[in-house]
Amino acid sequence: MKKAFTLVEVLLATAILSVSLVALLTGAARCLSVMQQAKSYQTAQWTLGLGEVDHPLEATNDVKSLAVDEVRYPNGCAYSRTVEDDEDEDGLYLVRITVTWPDKGSVAREEVVRYVFQQKKK
């Protein structure tokens with residue numbers, strides 16, 4: 001009498017192996033996605049840091065002079081800063097800092113919003 005696996009046992013082992021492989025591939029895909037997001041975040045922070053070193057927010061009498069036209073860096077990243085008007089005249093100006101970088105054939109973008117206070121002139 002020969003000892004061998006039955007067809008049911010082989011099918012059950014194949015099903016278990018298939019489910020295990022799907023779970024493993026799903027986990028690997030999620031891991032790669034998280035790594036890509038972390039890389040994008042690091043690139044955005046690096047570009048923001050470069051822009052802040054080159055064009056720091058300094059105390060000035062004219063808040064509008066804090067605006068920076070788009071500055072391109074050799075790696076394809078860009079930094080720009082805009083200052084929005086003080087509509088309610090409370091002395092707070094909205095400063096939008098935008099960084100962009102190349103990402104998989106397209107351009108990724110991140111924006112940081114800050115407020116700058118300038119006391120009213122008497």
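A few points about this structure:
- Full extension of the chain between GLU58 and LEU12 gives 9.7 nm of extra length, using 0.36 nm per residue less the Cα-Cα distance.
- Counting only alpha carbon atoms, the long axis of helix 7-54 and the longest principal axis of the chain meet at about 10°.
- C-alpha center-to-center spacing [segment 35-113, segment 11-29] in angstrom: 45 Å
- Which label in [x] 23, 19, 13; [y] 58, 16, 9; [z] 20, 16, 14 gives the computed semi-axes √(5λ) of the Cα gyration tensor in Å: [y]
- Using a probe of 1.4 Å on the protein chains alone, the accessible area found for ARG114 is around 80 Å².
- Unit charges at the beta carbon, dipole of the chain: most positive-side option, VAL8, TYR73, ALA29: VAL8
- Counting only DSSP H runs of at least 4 residues, each contributing -39500 (n - 2.57), and dividing by the residue count of the chain, the helix-based mean residue ellipticity at 222 nm comes to -14500 deg cm²/dmol.
- Among LYS2, LYS39, the order of accessible area from largest down is LYS2, LYS39, computed with a 1.4 Å probe on protein heavy atoms.
The values are calculated or read from the model by the stated rules, or taken from the named source; none is laboratory data. Predicted model only: the values in this text are computed from it and were never measured. Using ideal geometry, Cβ is built from the backbone for each residue, glycine included, and neighbour counts are taken over all protein chains shown. For the accessible areas, the whole protein counts, side chains as well, though only heavy atoms, and no ligand, DNA or RNA atoms are used. Shrake-Rupley method; radii C 1.70, N 1.55, O 1.52, S 1.80 Å.
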